[in-house]
Amino acid sequence: MSDFSEELIRPTTEDEQAEPCVSSGTGMYFPWLQKRIETVATGGKQEKDFGQTTSACFGFIREALLKHQWQKAAEYMCSYLQILEDSDSNKRQLAPEIIWRLGSEILYYHPNSSVETFNTFADRMKNIGVMNYLKISLQHALYLLHHGLLEDANRNLSQAETWRYGEKSSSQEVLINLIQAYKGLLQYYTWSKKKTELSQLDEDDYAYNSASQTMLSHSWKTSINLCALIQIPGVWDPFVKSYVEMLEFYGDREGAREVLTNYAYDEKFPSNPNAHVYLYSFLKREKAPREKLLSVLKILFQIVPSHKLMLEFHRLLRKSEKEEHRKLALEVLFGVLDFAGCTRNITAWKYLAKYLRQTLMGSHLAWVQEQWNSRKNWWPGFHFSYFWAKNDWKDDKALACEKALVAGMLLGKSCSPGATEEAQWGRFAQKPKQPSWNIGRVFVTRCGSWWSNCSSELCGLEHACWP
């Protein structure tokens, strides 16, 4: 961008002076911009007043950003700065934030940009409009973190932490807490490094005591900075995880439990599946009773039925002696496989094939019927179509076999595996030049004598599921 900057401030030639130019308000002239602005017309009249000029320039910047034309966006941005002198007070008030958002985006992606350029731009923008100081400081710190400049980011946050501007300070309390929390997160990072170093030292070594004291100092500072933020309703996952890890390290398990319980169950906080994941992981580490683990996972199931912990939830449920838990175990498996992202999860299909067999042998046909009734119109096409049969058999034969078992139990119209093949999958064998996949043989091989023992249950299921 330095070449472009030199082009902007160079003296204009006689030919350029003869052309109508647009001034940026900073002594720089843009002959090329005048041509673009003059193309904007309303009602047959060319728009040349100040507001219409900046509006047109904003449109060009937006178009350049959408096309990732960072150099062109930077050129238009130089002219757009004149919006800070707009006579409309509302536009003038909003201008600093707009300029910051556009400019930071351009500088982040521009191939010739540097950290020094970004720092200069950020420092100047902080002093234009006091209400944007904290936002810009926080985003500036995140930019520095992205580039691995932790000390610079910490210094930036420390300066922002002390920001005060009369009555405006109280209205930005949340932002101040957020800045303090990010500073705490940096302190946690230092603490975490010290913890790793400590684990490699002998407890009788002098360096161990020194590192331990340093860790304690950092944890105290971090706790102060994080504690205030996590009391405010919001999604604070990285801050909560860091705070809980330190509490556990120093043996305050009750404090950690309280933080996680409030984060998961406090109605003031938005619904957050991660909050329940953190609480479950903590209770599992604490070897909590199964009932407590189940209660946490049950809520997670209601929020995210396809979460990876649902298979663990199923395992806990099927080990329970309560019938309602064993029934829920079947619902959980169907719930997981309802989602496209889980259609090739072979573990889920293995669990479902095994648990369907177990459920039918346990004379709980009604449980299967209840789950299947709401799915019989779309699961066959979603999971058991010819397309999926061919692809599954080609890519993962083990997965194809597990799905075949489930299809045989859910889609059969009689008590014969051969009829099941004809009913749903017979088309596959009829396709020319395709691998022969006889689902009936697969089903018989895998199920063996069990087929004849539960034929009556399957007949009842098929009549219940198929009109």
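The values are calculated or read from the model by the stated rules, or taken from the named source; none is laboratory data. Worth saying up front: this structure is predicted, and the values here are computed from it rather than measured. Accessible surface areas use protein heavy atoms only, side chains included; no ligands, DNA or RNA. Shrake-Rupley method; radii C 1.70, N 1.55, O 1.52, S 1.80 Å.
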Cα gyration tensor, segment 77-154 - rounded (a/c under 1.5), prolate or oblate: oblate
Where Ile61, Ile346 fall by accessible area, highest first, once all protein chains stay in place (1.4 Å): Ile346, Ile61
Accessible area of Phe387 in the full protein assembly, 1.4 Å probe (Å², nearest 10): 110
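Too long at a 25 Å Cα-Cα cut-off: which of Lys126/Lys183; Lys354/Lys394; Lys322/Lys376; Lys354/Lys390? Display every interim value, and only then the final one.
Working: Lys126/Lys183 19 Å; Lys354/Lys394 23 Å; Lys322/Lys376 28 Å; Lys354/Lys390 23 Å.
Violating the 25 Å limit, Cα to Cα: Lys322/Lys376.
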Prolate/oblate/rounded call for segment 218-301, Cα gyration tensor, a/c under 1.5 rounded: oblate
Heavy atoms of Ser242 accessible to a 1.4 Å probe, total area in Å² rounded to 10: 10
Rounded accessible area of Leu66 (nearest 10 Å², 1.4 Å probe): 140
Cα-derived Rg over Rh, computed across segment 262-348 with Rh taken as Kirkwood radius: 0.97
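Full-extension gain between Phe58 and Leu316, please, as 0.36 nm times their residue separation minus the C-alpha to C-alpha distance. Provide the component values of the computation, followed by the final result.
Details: separation 258, 0.36 × 258 = 92.88 nm, distance 5.76 nm.
Fully extending the segment from Phe58 to Leu316 adds 87.1 nm.
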